[in-house]
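One structure is given here, and the rest of the page talks about it.
The values are calculated or read from the model by the stated rules, or taken from the named source; none is laboratory data. Because the structure is a prediction, the values reported are computed rather than measured. Here Cβ is always computed from backbone atoms with ideal geometry, including for glycine, and neighbour counts include all displayed protein chains. These area figures cover heavy atoms from the full protein model, side chains too; ligands, DNA and RNA do not enter into them. Shrake-Rupley method; radii C 1.70, N 1.55, O 1.52, S 1.80 Å.
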Amino acid sequence: MRMKSLLLLSAVALGACSSVLDVSPTSSVASDVAIVDAVGARAALAGAYSALTANGLYGHTIVDWTEVLSDNLQHTGTFDDYADADLNQLRADNNSNTTIWNASYDAINRDNQILQKVPNVKDLSAAEQSEILGEAYFLRALEYHNLVRLYGGGTAGVPLRLEPVASAAEAGTIARSTVAQVYTQILADLSQAEALITAGRSQTRQASRGAALALESRVRLYQGDYAGAEAAAAAAEALGYTLAPNFADLFDATGNNTPEDIFRITFTPTQSNSVGFYYLPKPLGGRYEDAPTIGAAGIIAAFDPASGGNIANYHPTDTRGIWSIARSGSRTYAAKFRNSAGDEDLHVIRLGELILIRAEALAQLNRLPEAVAEYNRLRVRAGVAADPVIGLTQGGVLAAIARERRLELAFEGDRWPDLVRTGAALTLGVPAQQTILPIPQSEIDVAPNVTQNPGY
């Protein structure tokens with residue numbers, strides 16, 4: 001099948017929208033029809049947010065399938081693309097891998113339609129036009145960062161498309177940009193978002209200036225710009241975000257607001273996610289495609305070292321472990337997302353992650369007591385003892401932060417990129433060529449200038 005990503009003709013697929021955008025659901029409409037007035041511009045923005053709900057993105061695959069690549073989840077179901085991920089034996093025709101790529105470029109094409117067309121819409125106020133453009137820049141930055149951290153290897157990044165696809169022939173000429181070029185564009189988009197979006201932190205189901213700063217912090221951490229990551233994290237938190245008092249509140253089955261929310265995706269009964277469905281056992285309404293890893297290096301032992309990775313001995317005192325892993329009959333399952341209907345609003349980035357970004361940046365800058373104090377905020381919330389701030393070494397603090405990232409963000413789709421970013425995937429025995437995902441073969445078939453990653 002030809003890729004939706006690069007071979008989309010000039011159309012914006014406008015799915016059911018978020019209620020906070022206050023526009024009616026719209027079906028796929030040609031862009032020259034859809035984005036000619038304020039109503040069309042608002043609908044296009046709703047469609048851009050709707051793209052994030054696709055199965056390949058936060059609908060589930062970029063969350064749960066990437067966790068199976070890591071040491072957090074093991075395959076327990078029937079899908080071959082999950083079995084290959086569990087074994088770190090991916091091929092270029094892996095279906096889940098392809099859906100991530102397709103959905104990402106579909107989303108980027110929607111953003112590009114907005115960025116090209118909205119400046120020419122005459123009946124938008126200047127303020128609303130800036131807001132729409134700023135949010136589209138944020139979304140494009142998010143999508144490109146997801147792509148480059150999964151598919152970028154060495155100096156080879158991903159195809160960088162900044163205008164809507166004009167034709168199949170034109171799309172077939174695309175080639176990969178370098179990692180550096182992709183990161184430069186991501187930061188440029190975030191700079192635009194921070195300048196154009198007026199909402200500081202008042203909106204959490206749409207992009208805000210706080211969300212743009214938080215994403216900038218994440219991006220700079222991946223770049224190794226630790227001073228920049230720390231500064232962006234501090235600037236975002238200064239807008240007034242605070243930790244949710246109880247960890248479980250973040251994953252309420254109805255997706256209720258918390259003071260920790262920075263950017264979440266709205267799901268509804270008709271536009272739902274499948275994360276909980278893939279995690280939960282069948283008696284709880286799920287398909288149980290994957291489950292928490294056992295053994296000394298598994299996630300069960302990470303939450304409760306005394307258990308030895310044996311669920312029969314699992315008695316965590318950390319509230320994150322109490323909430324995130326549970327039993328149903330003979331099944332041990334990832335319990336963080338407990339709504340099999342999938343209509344709760346999922347976090348893309350929240351204050352807990354921002355605290356860990358800042359802690360890691362501080363540690364890399366050798367500001368060790370500050371780093372420990374930062375991540376201890378999460379340990380205190382989790383009901384476990386704060387780590388001491390004396391007798392510190394940089395390596396020890398970084399290892400502690402890696403531990404906290406694993407516990408705090410378990411099953412949310414962050415573990416695999418973390419393992420690759422830090423080089424820990426190699427120490428777990430993942431072959432070097434498997435640490436970077438393959439460019440889907442179907443993409444290379446229609447865009448021969450897109451080179452494959454080594455080993456595929």
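Under the classification rounded if a/c is under 1.5, otherwise prolate if a/b is larger than b/c and oblate if not, where does region 309-456 fall, given a ≥ b ≥ c as square roots of the Cα gyration tensor eigenvalues? It would help to have the intermediate numbers written out before the result.
On the way: a/c = 2.00, a/b = 1.28, b/c = 1.57.
It is oblate, given that a/c is not under 1.5 and a/b is not larger than b/c.
Helix 226-237: angle to the longest alpha-carbon principal axis of the chain, degrees 0 to 90, nearest 10?
Once rounded, one gets 80 degrees.
Roughly what angle does helix 126-151 make with the longest principal axis of the chain, taking Cα atoms, 0 to 90 degrees, to the nearest 10?
Orientation of helix 126-151: about 50 degrees from the principal axis.
Measuring with a 1.4 Å probe in the full set of protein chains, what accessible area per residue, in whole Å², belongs to the chain?
Numbers: 16490 Å² over 456 residues.
About 36 Å² of surface per residue is accessible.
Kirkwood Rh, region 385-429, all Cα pairs: how many Å? List each step's numbers first, then the result.
Numbers: mean 1/r = 0.0855 Å⁻¹.
Roughly 11.7 Å, rounded to one decimal.
With a ≥ b ≥ c the root eigenvalues of the C-alpha gyration tensor of region 245-372, is it rounded (a/c under 1.5), prolate (a/b larger than b/c) or oblate?
It is oblate, given that a/c is not under 1.5 and a/b is not larger than b/c.
Using a 10 Å cut-off on Cβ atoms, rank the peptides 354-360, 230-236 from the highest mean neighbour count down. Write down the numbers at each step before the final one.
Details: 354-360: 25.7, 230-236: 22.3.
In decreasing order of mean packing, 354-360, 230-236 become 354-360, 230-236.
Starting from the exponent 0.38 and prefactor 2.2 Å, build the expected Rg for region 59-197 from its residue count and divide its actual Cα Rg by it.
Values: Rg = 17.4 Å, N = 139, 2.2 N^0.38 = 14.3 Å.
Output field value: 1.21.
What do you get for the angle between helix 394-408 and the principal long axis of the chain? Use alpha-carbon atoms, 0 to 90 degrees, nearest ten.
Helix 394-408 sits roughly 70 degrees off the main axis of the chain.
Let me have the relative contact order for region 57-180, percent, based on Cα pairs under 8 Å that are six or more residues apart. Please list the in-between numbers first.
Numbers: 107 pairs, mean separation 24.7, N = 124.
It rounds to 20 percent for region 57-180.
Which residue, chosen from Thr99, Gly396, Ser442, occupies the Cα position most advanced towards the positive end of the dipole of the chain, where the dipole is computed from +1 (Lys, Arg) and -1 (Asp, Glu) charges on Cβ about the Cα centre?
Towards the positive end, the residue furthest out is Gly396.
Return the whole-Å distance between the Cα centroid of region 320-341 and the Cα centroid of region 347-424.
24
With only Lys, Arg, Asp and Glu charged, each at its Cβ (+1 for the first two, -1 for the last two), find how big the charge dipole of region 184-277 is about the Cα centre; round to the nearest 20 debye. Write out the running numbers ahead of the final one.
Working: 6 positive and 10 negative charges, 39 e Å.
Rounded to the nearest 20 debye, it is 180 debye.
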